[in-house]
Amino acid sequence: MIKSMGLVLSIFPYSESSLILKVLSWDRAQISIIAKGWRKKQQPILRFVEYEFTLYEPKEEGLYLLKELSQSRDYSSYASTSTWAAAEAGAELCARIIIPPSDAKQYYTLLTQYLLYLAPMQENAILIFWRLMLRLFSMMGIGIRLQRCDTCTLSKEPFAYDASGEIICQDCLQELSWSERYTPFSPTSKKVLRLLPEIANHLQDIHLTRSDVAELNQLFLSYYAAHQKQTLKLKSLSVLSQFYV
Ligand SMILES: [Zn+2]
């Protein structure tokens, strides 16, 4: 039997009376837990709540078996629906990426700090989501450099990007006779890319349209796909994007 602290990312019903929990564990990265007979119990298990779990190690199917749990911290309240969607997007992202168990604590801290930061925000939470992506990429060893041209490798303002998330400056694109391989960034997207590492200080200065949001999502997702050789589709990110007009 083991004890592990973990944040519940998602919950699925399993058979008549059981639940499967997808949990980001403090010391084991992502784990799946079966809570047998739990649907009939008084004590509900909630998403975005951190619990101290007592578990039996997996025998088959890789599922931990829940013995008992106690609530430690609640990360489930957000100031607006769009902020809730940003919390969902962060959780979905952390459920999807590969986290080595030896680095679990770092990722756990990053996600819980993200959720805490979001909680009181009314709007523009997607900016904090992109900052989360930036930090996750760098933890994963695929850090994205937002102020460097991938063609001339100089520190320059990004001007456009391609389907693999490569960034190009205006001079280089001009030399390529404005190749259609690249999509130019909107002025707001450029501003976000410039300010993203310290975006928390600029939340009030940025007014995103749906097309800015689509552009930056596209950049980050294509960059991830090109560097991880795996496409990343986040349902909750599409939901989050619907809040922008
Ligand atoms: Zn260049």
Could you check the spin-label model distance between Ala163 and Ser211? Points 7 Å from the Cα along Cα→Cβ, value in nm. 2.1
What order do you get for Met139, Met133, Met121 when you list them from fewest to most C-beta neighbours inside 10 Å? Met139, Met121, Met133
Aspartates and glutamates whose Cα lies under 12 Å from that of Lys3, excluding same-chain neighbours fewer than 8 positions away: Asp27, Glu52, Glu57, Glu68
At R0 = 35 Å the Cβ-Cβ FRET efficiency linking His202 and Glu57, nearest 0.05, sits at 0.15
Over the stretch 91-140, the quotient of the Cα radius of gyration and 2.2 N^0.38 Å is 1.14
Exposure-ranked with fewest Cβ neighbours within 10 Å first, Thr83, Thr153 stand as Thr153, Thr83
Return the equivalent ellipsoid semi-axes of the stretch 81-241 as a descending list in whole Å, where each equals the square root of 5 times an eigenvalue of the C-alpha gyration tensor. 26, 18, 14
Which of Gln30, Gln42, Gln174 moves the most in a Gaussian network model of the chain with Cα springs under 10 Å? Gln42
Of Tyr56, Tyr107, Tyr161, the most mobile residue in a GNM of the chain (C-alpha springs, cutoff 10 Å) is Tyr56
Choice from Phe12, Phe185, Phe48 showing the highest fluctuation, given a GNM over the chain with Cα pairs closer than 10 Å: Phe12
Dividing the mean separation of Cα pairs under 8 Å (6+ apart) by the residue count of the stretch 2-74 yields a relative contact order in percent of 31
If all Cα-Cα distances of the stretch 141-197 are sorted into 10 Å bins from 0 onward, what percent lands in each bin, rounded to whole numbers? 25, 59, 15, 0
Ratio of alpha-carbon Rg to the 2.2 N^0.38 Å globular estimate for the stretch 32-156, to two decimals, please. 1.31
In Å, descending, principal axis extents of the Cα set of the stretch 36-90: 40, 25, 20
Here P(r) for the stretch 124-172, Cα-Cα distances in 10 Å bins, as whole percents, is 26, 44, 28, 2
Can you give the translational diffusion coefficient of the stretch 2-74 in µm²/s, computed by Stokes-Einstein from the Kirkwood radius over Cα pairs at 25 °C and 0.890 mPa s? 205
Residue-averaged 222 nm ellipticity for the chain, from DSSP H runs of 4+ at -39500 (n - 2.57), nearest 500: -11000 deg cm²/dmol
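The numbers here are math on the coordinates, done by the rules we state, and not lab data. Values in this document were obtained by computation on a predicted structure and should not be read as measured data. Note that each Cβ is placed from the backbone with ideal geometry, even for glycine, and that neighbours are counted across all protein chains shown.
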